[in-house]
Amino acid sequence: MTAKKLLVSACLIGGLSASAAQAEKWNMPTPYGDANLPTQIAYEFAEEVKAKTNGAMSITVHSGASLIEHPEIPRAVKTGQVQLGEVFIGIMGNTHPVFKHDNIPFLATTYDDAEKLWAATKPELEKQLAKEGMQLLYTVPWPAQSLYTKIPVNTLADLKGLKMRAYSPSTSRLADLMGTTPVTIQVPEIPQAFSTGIVDAMITSPSTGVNGQAWDYLGHYNAINAWIPKNIVVVNSRAFKRLDKSMQDALVEAAANAEAKGWKGVRVKATEDTQSLAEHGITVTEPSAELVQELKQIGEVMIKEWQDEAPEEVSAILNQYNQ
Ligand code: PCA
């Protein structure tokens with residue numbers, strides 16, 4: 001048994017032996033490192049739950065996929081291996097098309113629109129989570145996603161044949177439609193993937209570029225602001241139900257505060273981190289009108305494909321969003 005598996009088994013036994021009236025010790029795996037806004041919010045969420053329950057409930061945040069690998073986190077929560085966890089929504093795109101709302105280019109490109117899209121999607125997303133034995137606690141958005149390259153890009157033709165980092169089923173599809181080859185790479189591997197030529201380009205936030213010191217291996221940031229993806233924190237439904245009411249209330253209230261912090265904080269981070277990219281020597285440019293046009297056309301194709309995959313749920317989301 002690996003050290004990681006041993007720890008997980010120990011957590012499971014610990015979780016099962018606690019009755020509702022006793023102290024609760026929960027484990028919360030998160031995918032991203034401590035420098036990221038969602039991880040900082042996760043620590044504050046855990047602190048707040050502890051304070052609100054006078055120490056009766058303690059949540060240990062295991063950041064940076066240190067307890068569970070990112071793609072495995074939803075299953076770990078679903079099966080009760082851990083009581084709650086954080087996941088990038090887009091990574092669940094193959095579970096149900098509802099989760100793909102998160103990585104559709106040019107559907108929602110401002111933070112106000114992203115909040116609207118989230119409100120429109122939440123009921124459908126909660127239905128799908130319930131089928132998987134999970135319940136939503138809160139979301140944290142990332143800054144808008146933009147294009148990083150080694151070379152300047154004016155039109156899609158400049159990217160043709162390049163290897164593009166993908167982080168979800170939707171971004172793999174996007175890379176295909178852009179005439180590039182998708183390569184799935186997790187955040188910690190980004191610097192090495194660029195320096196060894198495994199990828200030539202990526203679409204992610206200014207924050208992920210700054211945290212990975214993008215200036216060490218590329219020179220251009222094209223602010224296409226194509227979509228605003230999010231993480232969600234989910235709890236195992238059975239684990240939540242067996243808590244006493246005061247603990248449930250503490251979790252729900254701390255979750256609402258965490259979500260408010262995320263929507264506020266992301267706007268600040270987006271500006272600060274874009275500035276930091278420029279300060280470190282990356283050329284920050286606005287996209288050409290032609291590139292925007294080309295990418296918007298791809299966005300339309302992806303919306304259509306998304307709708308065809310789950311007409312009922314996706315139409316419900318889009319109708320609500322477009323109101
Ligand atoms: N950073 C994460 C998810 C979205 C983002 O901005 C990543 O690149 O994987």
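In square nanometres and to one decimal, what's the mean projected area of the convex hull around the Cα atoms of the chain?
Taking the Cα atoms of the chain, their convex hull projects to 16.3 nm² on average.
Given just the C-alpha atoms of the stretch 63-138, how large is their convex hull per residue in cubic angstrom?
Working: hull volume 7.7 nm³, N = 76.
Dividing the Cα hull volume of the stretch 63-138 by its residues yields 101 Å³.
If you average 1/r over every pair of different alpha-carbon atoms in the stretch 131-180 and take one over that average, what Kirkwood value in Å do you get?
Radius from the Kirkwood sum: 13.5 Å.
What is the helix-to-structure angle for 289-309, meaning the angle in degrees between its Cα long axis and the longest Cα principal axis of the chain, kept from 0 to 90 and rounded to the nearest 10?
40
So how far, in whole Å, is the C-alpha centre of the stretch 161-211 from the one of the stretch 41-99?
25
Could you pull the Rg and Dmax for the stretch 137-289, using just the Cα atoms, both in Å?
When restricted to Cα atoms, the stretch 137-289 yields Rg and Dmax of 18.3, 59 Å.
In percent, how large is the relative contact order of the chain, given Cα pairs closer than 8 Å and 6 or more residues apart? Let's see the in-between values first.
Values: 578 pairs, mean separation 78.5, N = 323.
Rounded, it is 24 percent for the chain.
Largest first, how would T283, T184, T39 line up by accessible area (1.4 Å probe)?
T184, T283, T39
So, with +1 on the Cβ of K and R and -1 on the Cβ of D and E, and no other charges, what is the size of the charge dipole of the chain about its Cα centre, to the nearest 20 debye?
Here the chain has a charge dipole of around 900 debye.
Please work out the Cα convex hull volume for the stretch 95-218 and give it in Å³ per residue. Don't skip to the answer; put the middle values down first.
Details: hull volume 14.9 nm³, N = 124.
Spread over its residues, the Cα hull of the stretch 95-218 gives 120 Å³ apiece.
Could you please tell me the mean projected area of the C-alpha convex hull for the stretch 14-98, averaged over all directions and given in square nanometres to one decimal?
Numbers: hull surface 24.4 nm².
Result: a mean projected hull area of 6.1 nm².
With unit charges on the beta carbons (Lys and Arg positive, Asp and Glu negative) and the dipole taken about the Cα centre of the chain, which residue among S170, V49, Q323 sits farthest to the positive side?
V49
Just to verify a number: what accessible area does K127 come out at with the full protein assembly present, 1.4 Å probe, Å² rounded to tens?
110
Pull up all non-local amide H partners of E24: gap of 5 or more, or a different chain, and H-to-H distance under 5 Å with H placed in the peptide plane.
M57, S58
Measure nothing but the geometry: give the 0 to 90° angle between the long axis through the Cα atoms of 3-17 and the longest principal axis through the Cα atoms of the chain, rounded to 10°.
It works out to around 40 degrees.
Using helices alone, I'd like the mean residue ellipticity at 222 nm for the chain: each DSSP H run of four-plus residues gives -39500 (n - 2.57), total over residue count, nearest 500.
Dividing the helical sum by the residues of the chain leaves -15000 deg cm²/dmol.
Place a point 7 Å from the Cα of N257 along the Cα-to-Cβ direction; which residues of the stretch 216-247 have their backbone N under 18 Å from it?
233, 246-247
If you split all Cα-Cα distances of the stretch 275-316 into 5 Å bins from zero, what percentages do you get per bin, shortest first?
So the P(r) values, bin by bin, are 5, 19, 13, 12, 12, 13, 11, 8, 6, 1.
Report, for the chain, the % of DSSP beta bridges that are antiparallel, rounded to 5.
60
Considering only protein heavy atoms and a probe of 1.4 Å, how much of the accessible area of the chain is carbon and sulfur, as a whole percent? Mind showing how you got there, number by number?
Details: 7310 of 13880 Å².
Within the chain, the accessible surface is 53 percent carbon and sulfur.
Amide H neighbours of I224 under 5 Å, counting only residues 5+ apart in sequence or on other chains, H built in-plane at 1.01 Å?
L147
Please arrange D176, D200 by accessible surface area, largest first, computed with a 1.4 Å probe and ligands excluded.
Final ranking, largest accessible area leading: D176, D200.
The values are calculated or read from the model by the stated rules, or taken from the named source; none is laboratory data. The shown structure was predicted, so the numbers you read here are calculated from the model rather than taken from an experiment. FYI the Cβ positions are ideal-geometry reconstructions off the backbone, even for glycines, and counts take in every protein chain you see. Accessible surface is based on the protein model in full, side chains and every heavy atom, while ligands, DNA and RNA are left aside. Shrake-Rupley method; radii C 1.70, N 1.55, O 1.52, S 1.80 Å.
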